[in-house]
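Single-structure report; data block below.
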Amino acid sequence: MSIAPAPPAIPPGATIGILGGGQLGRMAALAAAALGYRCHIFCPDEHSPAFAVAAAHTIADYADGAALDAFAAVVDVITLEFENIPVEALERLARHRPVRPGADVLRVTQDRLLEKTFVRDHGAGTAPFCAVSGPADLAAAAALGPRAVLKTRRFGYDGKGQHMLALPEGSDAETIAAALHAAWEGLGGGDCLLEGFIDFTCEISVIVARGLDGAVQSYVPVENRHAGHILRTTLVPAFLPAPLLAEAEAIARRLAEGLGLVGLMAVEMFVTREGRILVNELAPRCHNSGHWTIEACLVSQFQQQVRAVCGLPLALPGRHSDAVMENLIGDAVAHWPALLAEPGASLHLYGKSAARPGRKMGHVTRLYPLGQRP
Ligand code: AMP
């Protein structure tokens, strides 16, 4: 039996095209530069934070076929830092250059119903869920109970496109269906997913990378604390029993393999009061809950993504320190002088001009000796 040769690696000196120009693209471009790559950012927003640190950029819509073709012509491989890129754009780009992760991965992770079904079919737990596409689905959906979360199937992030249903225990099916109907209309009346409410003890995530050769590496599970649906703090590692930590990593690795991922992915999960792990969401890109890897690991999530998409060997994801990463959201960025003066604090600023409420302006990571994080 002959074994197909692995596609050649894309060597340092080549140009990586990145779809999306936010802070994730900015930090990925910095990591790529450290390995000798050039980056070309494609983003519709003329004020994209990644532009300032990349060799080149294109300002155009993801539906602009001519701009996509011109972009593909000047890069060697294409990846993304934003998962809501239209699948048609990825398919068009893939006619010219490798796109990693590709349209098949994004098709699943852009749609909460396909995503949850995929997770369940790969043996991992999820919240109970059902599709809600019209009034006819409401009676069956009401069976999930008086506490549930209605989410749009597509284009949701940071709690957007979501409605939390919190009716009293014992509410009858008709009352629940009526409240669901109102919530569904409030979300625009399109294709939605209803999930049973999970009374979790904590939210965790695992960053997993899969290389072109099928090798898989995952970072330690971390705990994520949110406020107003926005990540505030990541605690590394999550303080959970060793078997749960191992299970979380095993789930992330299995899902990366099941997707045929080439690249990096964050797997967000809930830990329930009964000690079960339920997968909430997959993000096939660098992730806010992986920023701590810049300081606490030899190789950051950003360089790991570069390695994966360029067909290089993945790095070992071990950490030399524990860490706490805090996002600087909105006005919190005004504390930068004090953070710069704080011994041991590593400050990252994203170069965004206006500190609007809820906007991620930067982050700070504090390291602790292994086993000593607060
Ligand atoms: P998502 O947009 O799916 O990442 O959800 C944003 C946040 O809403 C999560 O980080 C949770 O804090 C909360 N959430 C989402 N789904 C559920 C659920 N089924 N039960 C309880 N909380 C949820």
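The values are calculated or read from the model by the stated rules, or taken from the named source; none is laboratory data. Given the structure is predicted, the values throughout are model-derived calculations rather than measurements. Ideal geometry is used to build each Cβ from the backbone, glycine not excepted, and the neighbour counts take in all protein chains shown. In case anyone asks, the SASA skips ligands and DNA or RNA and just uses the protein heavy atoms, side chains included. Shrake-Rupley method; radii C 1.70, N 1.55, O 1.52, S 1.80 Å.
What the table shows:
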{"read-out": "Whole-Hz ³J(HN,Hα) from phi, Karplus 6.51 cos²θ - 1.76 cosθ + 1.60, for region 207-214, glycine and proline x", "value": "9, 10, 10, 10, x, 5, 8, x"}
{"read-out": "Kirkwood-based shape ratio for region 1-125, expressed as Rg/Rh from alpha carbons", "value": "1.02"}
{"read-out": "Where 184, 336 fall by accessible area, highest first, once all protein chains stay in place (1.4 Å)", "value": "336, 184"}
{"read-out": "Sequence of 240, 180 when ordered by accessible area, the most exposed leading, probe 1.4 angstrom", "value": "240, 180"}
{"read-out": "MRE, 222 nm, helices only [DSSP H, n ≥ 4, -39500 (n - 2.57), over the chain, to nearest 500]", "value": "-7500 deg cm²/dmol"}
{"read-out": "Cα Rg over Rh - region 310-373, Kirkwood", "value": "1.10"}
{"read-out": "Integer Hz, Karplus 6.51/-1.76/1.60 couplings in order for region 35-52, x for Gly and Pro", "value": "9, x, 8, 9, 10, 10, 9, 10, 7, x, 8, 5, 9, 5, x, 6, 4, 5"}
{"read-out": "Whole-number Å³ per residue for the convex hull built on Cα positions in the chain", "value": "158 Å³"}
{"read-out": "Candidate lysines - alpha carbon under 26 Å from residue 151, same-chain residues fewer than 8 apart omitted", "value": "116, 160, 360"}
{"read-out": "For region 138-250, accessible area per residue (1.4 Å probe, heavy atoms of protein chains only), Å²", "value": "44 Å²"}
{"read-out": "Residue 160 accessible area, 1.4 Å probe, all protein chains in place, Å² to nearest 10", "value": "100 Å²"}
{"read-out": "Mean Cβ count within 10 Å, highest first, over the residues of peptides 241-249, 78-86, 189-197", "value": "78-86, 189-197, 241-249"}
{"read-out": "Helix runs (DSSP H) in the chain reaching 15 Å along axis by Cα, Kyte-Doolittle at least -0.5", "value": "23-34, 173-186, 242-259"}
{"read-out": "Accessible area in square angstrom per residue, region 15-109, 1.4 angstrom probe", "value": "38 Å²"}
{"read-out": "Residues whose placed amide H lies under 5 Å from that of residue 323, excluding near-sequence neighbours", "value": "236, 368"}
{"read-out": "5 angstrom amide H check on residue 286, placed H, neighbours 5+ away", "value": "none"}
